[in-house]
1. If amide H atoms are built 1.01 Å from N in the plane of the peptide, which residues on other chains or at least 5 residues away come under 5 Å of the amide H of F169?
2. Give the accessible area for L59 in Å² (nearest 10); use a 1.4 Å probe, count only protein heavy atoms, and leave out ligands, DNA and RNA.
3. Give the long-range amide H neighbours of T213: residues separated by 5 or more places, or on another chain, with amide H under 5 Å away, using H modelled in the peptide plane at 1.01 Å from N.
4. Run the Debye formula on the Cα coordinates of region 42-141, all scatterers equal and no solvent, and tell me log10 I(q)/I(0) at q = 0.12 1/Å.
5. Looking at region 205-262, what % of its DSSP beta bridges pair antiparallel, to the nearest 5?
6. Quick one: Debye curve from the C-alpha atoms of region 201-269, no solvent, what's log10 I(q)/I(0) at q = 0.22, 0.23, 0.24, 0.26 Å⁻¹?
7. Quick one: length gained pulling A104 to F125 fully straight, 0.36 nm per residue minus the C-alpha distance?
8. List every residue whose amide H lies under 5 Å from the amide H of R164, counting only residues 5 or more places away in sequence or on a different chain, with H placed 1.01 Å from N in the peptide plane.
Amino acid sequence: RGPELTCYGSLETPASLSASSIEAPLEGDDFLLGTCDALVANPERYRVYETVLPFDAKLLLALHGFAVAVLAAAAFAVPGGNRVFDHVRDFLLGLSFIGAFWLAVLILHIPRRVVRRSDAFVFDFLVISRTVPLVDVLELVVLRKGSHFLQLLQRWKVFPFGSRLHLFFGMRSSEVPRCVLLTRHFLGNFIFLLQDPVQFLLDNQNPLTLGATYRTVSMARMREGESLQSKALLTIPRGRVLKVEEQLGRRVLVTLPGGTERGWISYISTSGTMLLAREQNGSEPIAGTVGASELSRGGDGSAVEMGLLLHAAGAE
């Protein structure tokens, strides 16, 4: 199954899987479960992540719908009783039907929510659901620009960079961070944006390695306590080396070299961007990589780093 996975957040049971229960706050033991081992111990539990439709995708759908409406209106506006006009009307109606069908396909293949079970992802669409076993996942990655998607295809030799053919559910978007799930199958691949990408990242990658050396990839504010309302101690500049002692969600307790300063910082910003990178055997850090994703594996089955989005200006 791979390395153990730490999970921060709430899990739900199948009996509560409904639109209302997903939005309802959880209480008691359901509010916070320590690790994703709870998913293994109780396969009936799962984590739900709501997706969002990006603005550029909404704009594309609106323009497509407008074009279909114009074609249909033009077809009905063509006068009858003339053979040429009849052919024109039939042609316009045909185009409008094709456009309407394609619009329906676009809408129906956009995931509405993502469910993480102990052994699979479940993608809920408007009328159907698709289940992706974890053993079929090649890579789960968060992208910050379009070229990274092309690099993902190139790395796995997916067409046009190789002979493998993959169809992706979801809509390409310029908004970030975008999540991409690549699997071994032609139809089991997904592109999606989430309302809470931070929680998704925390739930689906290993925690940081305690005692390991990391380097800041942007400015990070150190505070006295784990709370963001605690006293600010100092601002750590980009490129500083530090060691991680403890982790609570996206907050980590770190110590600067020499032990002169010790406090809490965020290693993932509220927008899902990365503030730390792990040192790689004394070499330069690989930007945007933290821990190893349980779901991101090389062709030989070995765990590889999970690519994440970098933050340019620093955040909490």
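1. Under 5 Å from the amide H of F169 lie the amide H atoms of N189, F190, I191, each far enough along the sequence or on another chain.
2. Surface accessible to solvent at L59 totals approximately 90 Å².
3. Those lying under 5 Å, H to H, from T213 are E279.
4. Cα-only, vacuum Debye calculation for region 42-141: -0.59.
5. For region 205-262, the DSSP antiparallel bridge percentage is about 100.
6. Per q value, in the given order, log10 I(q)/I(0) is -0.94, -1.03, -1.12, -1.30.
7. Working: separation 21, 0.36 × 21 = 7.56 nm, distance 1.24 nm.
Answer, rounded to one decimal: 6.3 nm.
8. Those qualifying (amide H under 5 Å, at least 5 residues apart or on another chain) are F159.
The values are calculated or read from the model by the stated rules, or taken from the named source; none is laboratory data. Here the structure is a predicted model, which is why all the values come from computation and not from measurement. Ligands, DNA and RNA are stripped out before the accessible areas are found, and what is left, the full protein with its side chains, is counted by its heavy atoms. Shrake-Rupley method; radii C 1.70, N 1.55, O 1.52, S 1.80 Å.
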